[in-house]
Number of protein chains: 2
Amino acid sequence: MKAKPSRTIAEEIVQTKPFRSKRQEALVALVRTTDLIRRMSVEAFSPHGITPQQYNVLRILRGAGKGGVPTLTIAERMMERTPGVTRLIDRIAARGWAERRRCDEDRRRVFCTITPAGLKLLKEMDPLADGVDAGALSGLAEDELDGLLGALAEIRRAIQVGMD
Amino acid sequence: MKAKPSRTIAEEIVQTKPFRSKRQEALVALVRTTDLIRRMSVEAFSPHGITPQQYNVLRILRGAGKGGVPTLTIAERMMERTPGVTRLIDRIAARGWAERRRCDEDRRRVFCTITPAGLKLLKEMDPLADGVDAGALSGLAEDELDGLLGALAEIRRAIQVGMD
DNA sequence: GGTCAATAGTTGACGCGACACGGATACGAG
DNA sequence: CTCGTATCCGTGTCGCGTCAACTATTGACC
């Protein structure tokens, strides 16, 4: 019902007026493409009853090993803000995939660790997650990937300079 | 501890392990760059008490003129799900920037229109909005923009083919 | 006319991102 | 020891995306 053969973004959205500039078209293309990727990820992960964000957190926890990770460190690695991570881990812990415990030396800190059940889940999902990025970018050649990475880095640079 | 001069994404996130592939790095770069743009937009629009999505809807309403646009058409142009648009317009209408009225011929339909106050708001914000995309992509030359657009189109193509 | 499917839109419930604020703890200054 | 301040974290609130279920209306078919 939503069939959408691939076209340029300009053709997809705008019956009313064209883009004012190629920069604007690129910006919109960027946002819409990323949104498409996000939706695909959600759909790919949903059979396991987990969201991409939760998967992301579990990967971070696994990477941290038995020692665990403080809540704020998770937030940094995800580039999310603190309150969100707290509740994200609430839900993950409620499902038995992660645990929290206070640090004894500094009782403000809370170390989060992944449980065996969480590790098992990740093991099942890893091939799936690998397939997502491989599939989405499968059509790009090596030099196109380089160009894309370069352009994105330049965009981030421009934004960060502008925000200081 | 939070200093972040612009670097490659690999350096930014991962102290634990490098990317498994350049495709994965590109995917993460795409997501993070777009997220940065989104945050910048939110920040730029917030002084006017409006979100980027609300601005987007108002632009669509303005483009549609006095006749207005049915709710589902707005959803299509935004590529969003229906329930979200309904409530988005709820909030916009509550602020006095838009109105809704039933169509007489087909009483299922609801036409949404922008109010004079909404037009005034848009007029104030247009230069700001133009500055956002201009600023974010200012560092890219014409041929880099073309490359970026091509790569993004290819990604969308791969995803949409894969989702059928 | 009555029934049924399709269409347009809304509502409810849940998860997530962002901001503001508060509570608890650590740590240094006096 | 006490006070102020910084840090780590949690909570309340809001905006928003999404699914599922629902209402209202239309139009076709018997």
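Here are the numbers for this structure:
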{"item": "Within the range A:94-107, tally of residues that are near DNA strand C (Cβ under 9 Å from one of its atoms), more than 15 Å from A:Leu58 (Cα to Cα) and loosely packed, with under 12 Cβ neighbours inside 10 Å", "result": "5"}
{"item": "Scope the range A:77-93; condition surrounded by fewer than 17 Cβ atoms within 10 Å (Cβ to Cβ) and within 6 Å of DNA strand C (Cβ to nearest atom); matching residues", "result": "A:Glu80, A:Arg81, A:Pro83, A:Gly84, A:Arg91"}
{"item": "The listed residue being within 12 Å of another protein chain (Cβ to nearest Cβ), among the hydroxyl-bearing types (Ser, Thr, Tyr) and surrounded by 17 or more Cβ atoms within 10 Å (Cβ to Cβ), out of B:Thr115, B:Thr73", "result": "B:Thr73"}
{"item": "Residues located in the range B:33-64, provided they are within 10 Å of the chain's Cα centre (by Cα) and small (Gly, Ala, Ser)", "result": "B:Ser41"}
{"item": "Any hit, the range A:108-125, residues being away from DNA strand C (no atom under 16 Å from the Cβ), under 23 Å from B:Glu144 (Cβ atoms) and not in a helix (DSSP H, G or I)", "result": "no"}
{"item": "Counted residues, the range A:118-146 - those being away from every other protein chain (no Cβ under 14 Å) and of a type outside the set (A, V, I, L, M)", "result": "4"}
{"item": "Looking only at the range A:93-106, and only at residues there that are out of contact with any helix residue (DSSP H, G or I) (no Cβ under 9 Å at 6 or more places or on another chain) and within 9 Å of DNA strand D (Cβ to nearest atom), the one that is farthest from the other protein chains (Cβ to nearest Cβ)", "result": "A:Arg102"}
{"item": "Residues within the range A:126-164 that are assigned to a loop (DSSP other than H, G, I, E, B) and either within 19 Å of the chain's Cα centre (by Cα) or more than 20 Å from B:Thr33 (Cα to Cα) (or both), tallied", "result": "4"}
{"item": "Of residues in the range A:56-68 being more than 16 Å from B:Arg32 (Cα to Cα), buried (at least 19 other Cβ atoms within 10 Å of the Cβ) and more than 10 Å from chain B (Cβ to nearest Cβ), the one nearest to DNA strand C (Cβ to nearest atom)", "result": "A:Leu58"}
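Each reported figure results from applying straightforward, stated rules to the coordinates on display, with no laboratory input. Everything quoted here is computed from the prediction, not taken from an experiment. Neighbour counts are summed over all protein chains in view; Cβ atoms, including those assigned to glycine, are modelled from backbone coordinates with ideal geometry.
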